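A short write-up of the structure that comes next.
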């Protein structure tokens, strides 16, 4: 599963806004964000205090000096406050409108939010203007918040983002920003709460908002999965896929989340659709997911299904030792001994000193009652003085193969003990297609019965994903 947090390269807003002065919230909101929309026909303008508030507000918009603007906006709020509380204008939409607009420019976000809600109730025709005012305030706050985030000053960013989310909670932008800051601070419990809120913020149907909601949904899926809340993970990845139907990572991760949540039937439906594509392709399942599916199917005695899963891994990773071993075992379970022999032989070519690989071949001859080859394989098994298993660790710049050599008491056809001897081997480090990237020579030592000794081979080079070795 792709468990890394994945997001937008930048939080795309409705339009770019200039950075405000580095000060409190009020300094971010004092800029000119426009006049009331002409379609907003406010009733109640005949009251002298309300009309006075309107005059002060428009005068403030015309001032370029922030101090002068604040002075006019304070007078706007004073006049509208007196009208609402002392002059019986509590039902006057215009009084509430100018109280809200002036409060917003003065940085009192809670007061502005409450006033705008009141205007929405009293003057539905002004909804577009109120929504525009909220959006512009959101942008004025979120733009400098991003600058704080880029400077790793998340506490400062959160102050602005919280205010932005309060003034416009229907859009995902600020909520997503809050979640990102919490994630950067390592508080994933809080991050997942705000990613979920951003995912559910459906008030903005623009493509940028949809992209942010999709990214937030993906993060919900990742964080919930890592917290073992698989039901929430399913919800996150399902929403991410609904918002972007070609998100292959979301689809693959949804399969893992469904299985972890105990919803195997739902996972199987998606898996079946993805099985047609090559393993690891954009539309297909990852090799790790295919391995998980194969094991589940094998353990439920669905050997045919397990064969399909493991075979798809081998198609793209022909030297994947675990996939070869599991595919051979699946063919054994399906009693397809010819295919078991074919895959077991390929496996033995990868690890010729492995007792398990040779035993898989011997099992085929026993099932087929091939007496000459049964005897030949038996002699090879009893004559082995060492059983070598391997542990493979790839990195971005190379890989390490640790060979665990366990001594055995080997005997020849006459039951005489075979004396163990060192075995020089050449380890080949391979890329995904099976091309040799680099090699290393090591020697498997002569070890006594039941004694284990490790031999480490290292290879340097990009793209190493597999290995094989052969006797020198």
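The residue that is nearest to residue 472 (Cα to Cα), counting only those in segment 438-456 that are in a loop (DSSP other than H, G, I, E, B) and in contact (Cβ under 8 Å) with a residue 60 or more places away in the chain, is 446. Among the residues making up segment 309-335, a single one is surrounded by fewer than 18 Cβ atoms within 10 Å (Cβ to Cβ), at pLDDT below 95 and not in a helix (DSSP H, G or I): 318. Residues in segment 194-245 that are touching a residue at least 12 places away in the same chain (Cβ under 8 Å), surrounded by fewer than 19 Cβ atoms within 10 Å (Cβ to Cβ), assigned to a helix (DSSP H, G or I) and more than 16 Å from the chain's Cα centre (by Cα): 208, 210. Entry remark, segment 168-187: residues being surrounded by fewer than 24 Cβ atoms within 10 Å (Cβ to Cβ) and touching a residue at least 40 places away in the same chain (Cβ under 8 Å) number 1 in total. Considering each residue of segment 403-437, count those that are surrounded by fewer than 17 Cβ atoms within 10 Å (Cβ to Cβ) and without any contact (Cβ under 8 Å) to a residue 60 or more places away in the chain, and give that number. Selection size over segment 403-437: 19. When 256, 183 are checked against the criterion of being over 30 Å from residue 118 (Cβ atoms) and at pLDDT below 90, a single residue qualifies: 256.
Can you name every residue in segment 56-73 that is closer than 14 Å to residue 97 by Cα and either in contact with a helix residue (DSSP H, G or I) (Cβ under 8 Å, 6 or more places away or on another chain) or surrounded by 15 or more Cβ atoms within 10 Å (Cβ to Cβ) (or both)? Of everything in segment 56-73, those that are closer than 14 Å to residue 97 by Cα and either in contact with a helix residue (DSSP H, G or I) (Cβ under 8 Å, 6 or more places away or on another chain) or surrounded by 15 or more Cβ atoms within 10 Å (Cβ to Cβ) (or both) turn out to be 56, 57, 73. Annotation: of all residues in segment 350-400 being in contact with a strand residue (DSSP E or B) (Cβ under 7 Å, 6 or more places away or on another chain) and assigned to a helix (DSSP H, G or I), the one that is surrounded by the most Cβ atoms within 10 Å (Cβ to Cβ) is 350.
The number of residues in segment 91-129 being closer than 25 Å to residue 161 by Cβ and not in a helix (DSSP H, G or I) comes to 3. Candidates in segment 459-472 are the residues that are in contact (Cβ under 8 Å) with a residue 60 or more places away in the chain and either assigned to a loop (DSSP other than H, G, I, E, B) or surrounded by fewer than 16 Cβ atoms within 10 Å (Cβ to Cβ) (or both); of these, the one that is farthest from the chain's Cα centre (by Cα) is 471.
None of 259, 297 is over 21 Å from residue 331 (Cα atoms), in a helix (DSSP H, G or I) and touching a helix residue (DSSP H, G or I) at 6+ places or on another chain (Cβ under 9 Å) except 259.
The values are calculated or read from the model by the stated rules, or taken from the named source; none is laboratory data. Note that this is a predicted model, so its numbers are computed, not measured. FYI the Cβ positions are ideal-geometry reconstructions off the backbone, even for glycines, and counts take in every protein chain you see.
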